Each structure stands twice: as structure tokens, then as C-alpha cells.
Amino acid sequence: MSKKASILYLSFAPLLFLLSYYISHKVFVNYMLNGTMSNEAHNRPWMYSGFLTFMYVGFYFVIRDIYRPSKK
């Protein structure tokens, strides 16, 4: 994986975190306002978005290991 591709791939990690935080928070608020959740639930968008970002960055290390430059 080239240096340019690595920078581009990792630059999307904060955007992914913010987008997934926003979506999970909005979904939770909409369900709570509609009354479709029967029991008490906790709003945990940090946990969901953090886990998704962790998986995204972890996948980067897998790709980097697979496409390692050949030694000359």
C-alpha cells in the first residue's frame, strides 16, 4: 500500500467516527421520542462509533500486511 493511499485511507477515520456518532445518536433519540423502546436504554453513541472506527483502522493494518511491498 502506497504512502498516499495510507494517508487517504486513514484520513477518513475521523469522518467515519463523526458520521457514525451522529447517526447512532439520531436513531436513539428518534426511538426514544416515538416511544418504541419499552425498557430503559442508555445512549451510547461513543461506544458504537468508537467500535466501528476501531474496526476500520484494524482493517487498515490487515490490508497493509497483505499488500506489503516486495523486498529487493
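The values are calculated or read from the model by the stated rules, or taken from the named source; none is laboratory data. Predicted model, so just to flag it, every value in this text is computed and none were measured. All Cβ positions, glycine included, derive from the backbone under ideal geometry; neighbour counts span all protein chains shown. Note: areas computed on protein heavy atoms with side chains; ligands, DNA, RNA excluded. Shrake-Rupley method; radii C 1.70, N 1.55, O 1.52, S 1.80 Å.
Can you tell me the relative contact order of the chain? Whole percent, Cα pairs under 8 Å, sequence separation 6 or more.
With pairs under 8 Å counted, the relative contact order is 49 percent.
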Suppose accessible area is computed on protein heavy atoms with a 1.4 Å probe; arrange L10, L19, L33 from highest to lowest. L33, L19, L10
Roughly how big is the chain's charge dipole about its Cα centre, with Cβ charges of +1 (Lys, Arg) and -1 (Asp, Glu), in debye to the nearest 20? 640 debye
Heavy-atom SASA rank of S49, S70, S20 (probe 1.4 Å, accessible area, largest first): S70, S20, S49
In the range 11-36, which residues have a backbone nitrogen under 11 Å from the label point lying 7 Å from Y48's Cα in the Cα-to-Cβ direction? 20-32
Shape descriptors of the chain over alpha-carbon atoms, Rg and Dmax in angstrom, are 17.5, 63
Skip the ligands, DNA and RNA, and give the accessible area per residue of the chain with a 1.4 Å probe, whole Å². 86 Å²
For every helix of n ≥ 4 consecutive DSSP H residues, a contribution of -39,500 (n - 2.57) applies; sum these over the chain, divide by its total residues, and give [θ] at 222 nm rounded to the nearest 500 deg cm²/dmol. -27000 deg cm²/dmol
Karplus couplings for the range 6-23 from phi (6.51 cos²θ - 1.76 cosθ + 1.60, θ = phi - 60°), rounded to Hz, Gly and Pro as x? 5, 5, 5, 5, 6, 6, 7, 4, x, 5, 5, 4, 5, 5, 5, 5, 4, 5
Lys pairs in the chain with Cα under 24 Å (8 or more apart in sequence, or on separate chains) total 4
